[in-house]
1. Return yes or no: is B:Ser39 small (Gly, Ala, Ser), open to solvent by 10 Å² or more (accessible area, probe 1.4 Å) and touching a residue at least 60 places away in the same chain (Cβ under 8 Å)?
2. Tally time: how many residues in segment B:231-259 are aliphatic (A, V, I, L, M) and touching a residue at least 24 places away in the same chain (Cβ under 8 Å)?
3. If B:Leu31 satisfies all but one of (1) aliphatic (A, V, I, L, M); (2) open to solvent by 10 Å² or more (accessible area, probe 1.4 Å); (3) outside the structural domain of B:Phe184 (by TED's automatic domain parsing), what's the number of the condition it fails?
4. I want to confirm something. Restricting to segment B:145-163 and keeping residues that are open to solvent by 10 Å² or more (accessible area, probe 1.4 Å) and at the interface with another protein chain (Cβ under 7 Å from one of its Cβ atoms), which single residue is nearest to A:Gln36 (Cα to Cα)?
5. So, restricting to helices (runs of 4 or more DSSP H) that lie completely within segment B:111-228, which ones have at least 3 residues that are closer than 30 Å to A:Val57 by Cβ?
6. Check B:Leu55, B:Leu86, B:Leu112 and return the single one that is of a type in the set (A, V, I, L, M, F, W, C), within 30 Å of A:Leu153 (Cβ to Cβ), open to solvent by less than 10 Å² (accessible area, probe 1.4 Å) and touching a residue at least 24 places away in the same chain (Cβ under 8 Å).
7. Kindly list the number of the only condition in (1) of a type outside the set (Lys, Arg); (2) touching a Lys or Arg at 6+ places or on another chain (Cβ under 9 Å); (3) not assigned by TED's automatic domain parsing to the domain that holds B:Gly156 that fails for B:Val268.
8. If I go through segment B:16-29 residue by residue, how many of them are assigned to a helix (DSSP H, G or I) and within 18 Å of B:Ala209 (Cβ to Cβ)?
There are 2 protein chains.
Amino acid sequence: MSTQTTKDLDTLLKARYGQGPQVLDVLNPTLETIFQHKSVRGFTNEPLAPNTAELLVAAAQSASTSSNLQTWSVVAVEDQGRKDRLAAMAGNQKWINACPLFLVWIADLARLKALGDEHKLEHESLNYMEMLLMGTIDAALAAQNAAIAAESLDLGIVYIGGIRNKPLDVAKELGLPPMSFATFGMCVGHIDPAATAKNVVKPRLPQRAVLHKETYHPTAHKEAVDAYNATMEKFYAEQSMKPLGPWHIQSLHRVRGPEAMAGRDLLVDALKKLGFDMR
Amino acid sequence: MSTQTTKDLDTLLKARYGQGPQVLDVLNPTLETIFQHKSVRGFTNEPLAPNTAELLVAAAQSASTSSNLQTWSVVAVEDQGRKDRLAAMAGNQKWINACPLFLVWIADLARLKALGDEHKLEHESLNYMEMLLMGTIDAALAAQNAAIAAESLDLGIVYIGGIRNKPLDVAKELGLPPMSFATFGMCVGHIDPAATAKNVVKPRLPQRAVLHKETYHPTAHKEAVDAYNATMEKFYAEQSMKPLGPWHIQSLHRVRGPEAMAGRDLLVDALKKLGFDMR
């Protein structure tokens, strides 16, 4: 558990960017934890310490939430059968079967709906797109706090977007009430050192592609993507990964059309069936 | 800047919950930073150290991003005129005018669209709801990392959902290209000690309302909300705040209908005009 920094800022930025941006020269254990994030897809059999989920959720609830409405929930899954069924729904990602704790983060308007129904008070806004986005944002802010909290304890995590592949099946498995939606999952566990070769910090786009000063610069990505492709080519070689091509080719292949969306092209229909009107 | 913990876990949980949940008994500077979060709405005139935005964005880019697509951007606004105009668009929240750095977090499909157009490759999935949600989630995970990073440096932040009140005006002000959307803003600055009375940790719902074990428990909120209302009543009294009523009444008033949505009831129309087909 980190209470002191063990690396220097240059080393951390170099892992994240290849060639690092110029940033304020300061470091502390929290920044070090954040900069060292890597998605972990190999977990040991070691169970988590009791009440780990409660600690992570206390961190999650400490995140900002719009108007204090707290439009999110989390389902903590430890049962092996349920993890196995959710893994099958989310594209057979075997780290879901293997992790001791699988957290499913819920955009949750059901709580306010229930309170409105119980107290006979209007809650018409819940039928608007705005509130689905609010719940999704609230869930993501909460989840990221839990992720950082877990990593500060040397646990590994990986987000699972694949939980959106089959929203109706997931809702049924978790007993979700109408107006709640599983936005993404998160595996939590002790990192398997045997899988560490793949548990490395992944480089990101140069800052100039992402950070816009005062106004958005629509051509900022051009030369930045060339530089990033070079960084990623080196990364793929080091990791013995064989991508389809440079990052932009691989990414465009990922978004080429509904046939590559693993069911998520049907999300609007599923959300309507889950009770979101999205006006 | 925290490199050691200064409080104990019980004190931190008590501030967050009134009566704290039973959690794994562990603390480190990162957890302490997370647990102590409070929204800050009073900033001093002191400018930020050079390259603070770059440090926060390095933290933001260290967050997970779906399939490494990096479907987000951030616009860093320091110009006083632009901050003033954005403040007017976001419901005249005066801390937007006052903060030295206003970050606007963008769900950004425009970068992939531009790459697809430039390289003449299909990018049909960008027209689906799934990708709007992905960009929104990616932006939120990134922003929360920046928030924690800022707070680890003793800076204050507050999220601004009001940036969604007038999405078209905000897009014009920031020069956003089609298929990008300002999801929320974030004020960053040095905390004004004169405003600290209002900069306190806000209690959240008891964990049993939010954390569901194995499956969602639709009645978990009932008794939890009663307990929370009691906690919040004490909090409001301490803060000399005069809410409309208990938390559930105030929250339901907030979601009573489109007349209380400050323009966000028109979000679908605005998103379509911004180039999101949301199929």
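The values are calculated or read from the model by the stated rules, or taken from the named source; none is laboratory data. Note that this is a predicted model, so its numbers are computed, not measured. Every residue, glycine among them, receives a Cβ derived from its backbone with ideal geometry; neighbour counts consider all protein chains shown. The area values use the complete protein model at the heavy-atom level, side chains included, leaving out ligands, DNA and RNA. Shrake-Rupley method; radii C 1.70, N 1.55, O 1.52, S 1.80 Å.
1. Working: small (Gly, Ala, Ser): yes; open to solvent by 10 Å² or more (accessible area, probe 1.4 Å): yes; touching a residue at least 60 places away in the same chain (Cβ under 8 Å): yes.
So B:Ser39 passes the test.
2. The initial filter retains those residues of segment B:231-259 that are aliphatic (A, V, I, L, M), namely B:232, B:237, B:241, B:244, B:249, B:252, B:255.
Filter once more, so that each one left must be touching a residue at least 24 places away in the same chain (Cβ under 8 Å): B:232.
The total comes to 1.
3. Single failed check for B:Leu31: (2).
4. Within segment B:145-163, the subset open to solvent by 10 Å² or more (accessible area, probe 1.4 Å) is B:151, B:153-155, B:159, B:161.
Checking which are at the interface with another protein chain (Cβ under 7 Å from one of its Cβ atoms) leaves us with B:153, B:159, B:161.
Working: B:Leu153: 18, B:Tyr159: 25, B:Gly161: 29 Å.
Across segment B:145-163, the extreme among qualifying residues is B:Leu153.
5. Details: elements: B:129-152, B:167-174, B:207-210.
Answer list for segment B:111-228: B:129-152, B:207-210.
6. Numbers: B:Leu86 fails: within 30 Å of A:Leu153 (Cβ to Cβ); B:Leu112 fails: within 30 Å of A:Leu153 (Cβ to Cβ).
Result: B:Leu55 is the single residue among B:Leu55, B:Leu86, B:Leu112 that is of a type in the set (A, V, I, L, M, F, W, C), within 30 Å of A:Leu153 (Cβ to Cβ), open to solvent by less than 10 Å² (accessible area, probe 1.4 Å) and touching a residue at least 24 places away in the same chain (Cβ under 8 Å).
7. Of the numbered conditions (1) of a type outside the set (Lys, Arg); (2) touching a Lys or Arg at 6+ places or on another chain (Cβ under 9 Å); (3) not assigned by TED's automatic domain parsing to the domain that holds B:Gly156, the odd one out for B:Val268 is (3).
8. Residues of segment B:16-29 assigned to a helix (DSSP H, G or I): B:16-17, B:29.
Those still in the list that are within 18 Å of B:Ala209 (Cβ to Cβ) too: B:16-17.
So the count comes out to 2.
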